[in-house]
Amino acid sequence: MRREAIFNTALWLGLLAYPVWAWLGDEPYQITLATRVAILALAGVGLNIALGLGGLVSLGHAMFFGIGGYAAGILASHAQSYTPLYDGAFTIEGTQNMLVIWLVAVVAAGLVALVTGALSLRTSGVYFIMITLAFGQMFYYFTISWPAYGGEDGLSIYVRNWFPGLNTLDPLTFFLICFSILSLALLLSWRIAGSAFGLALNAARQNEDRVRAVGIEPYRLRLVAFVISGAITGLAGALYADLNRFVSPTMFSWQLSGEIMVFVILGGVARLFGPVAGAALFILLEEVLGGVSDYWHIWLGVLLLIVVLFARGGLIGLIAGQGTGQATGQRKRAGGADD
Amino acid sequence: MSAALFIEQVFNGLQFGVMLFLMSAGLTLIFGVMGLINLAHGALYMVGAFAAAAVSAATGSFLLALMGALAASAVAGVLVEVIVIRRLYARDHLDQVLATFALILIFSEGTRWVFGSFPLYLDVPAALAGPVMLPFGIAYPAYRLAIIGIGLVVAAALFFLIAGTRVGMRIRAGESDREMIGALGVNISALYTGVFALGAALAGFAGALVGAIQSVQVGMGEPVLILAFVTIVIGGIGSIRGAFVGALLVGLTDTLGRVLLPILFSAVMEPSAAATVGGALASMAIYILMALVLLFKPTGLYGGAA
């Protein structure tokens, strides 16, 4: 584990140092790339709580990412047009304050995770994968067919939302905001993994029957994990909306769910910094291979195949060796509907 | 809405459902026999459609195009099974999801590389181009009617194959106890390749048939794949009969929902609002259907005990 700790520290410092170096060299594009890594890693950290700790293979996490994004987009669009969001017995105004937007994004994504999770977790194994995928797709089609907020065309945020006391229009400042949130989420994820809740969740992944035998109900643990997971990914979505100043139904697309999962796997499942390593590798590949060939997704696919078939620990597994937190070995999950 | 329009929409729903069945049957068979979740099934659907478009452009014959689609998707299925899928049977679902997601990336970008990003078109065969007059003065496109017929024939053949032939017996035996039939001298490896190729061919066939109604383009497989997932979740994973019932339910719910919901809402609100609310709700209808089925039967209509 020592090598993993050194690698994690190096990765954390590297992700912080790179945009500062780019800022000194006056290369704002590189800062944006680092910001994307931080935000996508945050989405991965969210998924990793469900996937790595809970063993819940959710193929619908874009749903939370999209909800966070639309929370930011909708609140900002009402603030920009000075029209209230709701005007009835009481009035809800839009806002461009990031703190409020984040709160709304986290609560909205958490609520959706609560409802979809309560339904999906009634099943397990392959049903769970398909159902989370289907719920994600449901939101995708809903945003396309609901014209109030741009429908298929999406919604623009003309001026980036503001944060009290900071100039968010400055790329480096915005990076540091995202980076701080990522660091807090990593801290939270680390604390969860070591808590009684995290241990019970991990135990439920490894052997559901034994956990039940000692009087813990896995369903509740998983639901709580799924809600936390969805809320963190939702927060990432809100930041992503601010990065691009644009939200569209593609934030809900199943490809994005797949990509978030790819970050987690490329880095290493159930590794604390797995999503950070994975997201950094993904963006690096996109920049390097994308420059060489328009069809770089082929090579991403080949790489992913190789990692899945031959290098199961992902990047961190290669560098730090087998850790104690290894998820899902070559066995199938016990107690699934499929076996 | 007139009765004629309603009946026409029912036919559309049936046609959609029958196509979904061809996709779902392969998925559910592959899952039932090999325990594999295959996200790349939609890619095989796309392969079938592209093969049909290419053969049709070269020869002008729709029949040859269908043959080409069957052959190309079956061959692609065998290749994928031997090179990649075979290594995944003993793995957990997460690995299967990731590896088949990787296959989607490779297939989609590979197809874009070969055929370009522009959609191709596949013409409906001349003999089936016009409408057919049905009783009650309903004119319905002959090709769509033919799809319903072909789909039902394929479904019947598949039921017969599984329930009434020696190969089907082995497939069912493989579902219940793979080690035992291996011990009894059945070549499991060849059986699995065969089942995968059969599923791939069904998907490719569906792709070719639908390709003549819609455009043939990269990424056409995944929306259908997700609908096929919804179908087999509703029907019960591993059950061909469940896939059939689920496919018709999804096809009819989706098609009729899009027509009826806006009309239903227009009774209580103004037309433009009704179109919006009804349309948005219709796009979610099958997922709501799925959620309802799961509430009452978490393993689907024809699924076994959890």
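Residues in segment A:121-133 that are within 18 Å of the chain's Cα centre (by Cα) and facing chain B (nearest Cβ under 7 Å) were compared, and the one that is surrounded by the most Cβ atoms within 10 Å (Cβ to Cβ) is A:L133. Exactly one residue out of B:M1, B:M67 is more than 23 Å from B:Y192 (Cβ to Cβ), at pLDDT 90 or above and open to solvent by 10 Å² or more (accessible area, probe 1.4 Å): that is B:M67. In summary, A:I92 fulfils each of the numbered conditions (1) without any contact (Cβ under 8 Å) to a residue 24 or more places away in the chain; (2) out of contact with any helix residue (DSSP H, G or I) (no Cβ under 9 Å at 6 or more places or on another chain) with the single exception of condition (2).
Look at (1) at pLDDT 95 or above; (2) open to solvent by less than 10 Å² (accessible area, probe 1.4 Å); (3) over 20 Å from B:F101 (Cα atoms) and you find that B:S73 fails only one, number (3).
Right, A:G117: more than 10 Å from chain B (Cβ to nearest Cβ), within 30 Å of B:A228 (Cβ to Cβ) and of a type outside the set (A, V, I, L, M, F, W, C) or not? Yes: the conditions hold for A:G117. Of all residues in segment B:76-85, those satisfying the criterion of being within 14 Å of chain A (Cβ to nearest Cβ) and open to solvent by 20 Å² or more (accessible area, probe 1.4 Å) are B:L79, B:V82, B:I83. The residue list A:A10, A:A17, A:A79, A:A89 contains one member that is open to solvent by 10 Å² or more (accessible area, probe 1.4 Å), of a type in the set (A, V, I, L, M, F, W, C) and not in a helix (DSSP H, G or I), which is A:A89.
Okay, residues lined up against (1) under 22 Å from B:M284 (Cβ atoms); (2) in contact with a Ser or Thr (Cβ under 9 Å, 6 or more places away or on another chain); (3) away from chain A (no Cβ under 12 Å); (4) in a helix (DSSP H, G or I):
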| site | (1), (2), (3), (4) |
| --- | --- |
| B:Y192 | no, no, yes, yes |
| B:F196 | no, no, yes, yes |
| B:Q214 | yes, no, yes, no |
| B:T231 | yes, yes, no, yes |
| B:G238 | no, yes, no, no |
| B:R241 | no, no, yes, yes |
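Residues considered: B:A228, B:A201, B:A197. Of these, the only one that is of a type outside the set (V, I, T), in contact with a helix residue (DSSP H, G or I) (Cβ under 6 Å, 6 or more places away or on another chain) and surrounded by fewer than 24 Cβ atoms within 10 Å (Cβ to Cβ) is B:A197. Entry remark, segment B:128-168: residues being of a type in the set (S, T, Y), outside any helix (DSSP H, G or I) and within 23 Å of the chain's Cα centre (by Cα) number 1 in total.
Within segment B:11-28, being among the aromatic types (F, W, Y) and open to solvent by less than 10 Å² (accessible area, probe 1.4 Å) holds for one residue alone: B:F21. Within segment B:65-97, being more than 21 Å from the chain's Cα centre (by Cα), in a helix (DSSP H, G or I) and aliphatic (A, V, I, L, M) holds for B:V82, B:I83, B:L88, B:L94. Residues of segment B:231-245 being of a type outside the set (V, I, T) and open to solvent by 10 Å² or more (accessible area, probe 1.4 Å), which ones? Scanning segment B:231-245 gives B:G238, B:S239, B:R241, B:F244. Of the residues making up segment B:86-109, just one is open to solvent by 20 Å² or more (accessible area, probe 1.4 Å) and hydroxyl-bearing (S, T, Y), namely B:Y89. Scanning segment B:110-135 for residues that are open to solvent by less than 40 Å² (accessible area, probe 1.4 Å) and at the interface with chain A (Cβ under 7 Å from one of its Cβ atoms) yields one hit, B:G110. Summed over segment B:259-305, residues that are part of a helix (DSSP H, G or I), open to solvent by 40 Å² or more (accessible area, probe 1.4 Å) and away from every other protein chain (no Cβ under 13 Å) total 6.
The values are calculated or read from the model by the stated rules, or taken from the named source; none is laboratory data. Not measured: the values here are computed from a predicted model. Every residue, glycine among them, receives a Cβ derived from its backbone with ideal geometry; neighbour counts consider all protein chains shown. Ligands, DNA and RNA are excluded from the accessible area calculation, which covers all protein heavy atoms including side chains. Shrake-Rupley method; radii C 1.70, N 1.55, O 1.52, S 1.80 Å.
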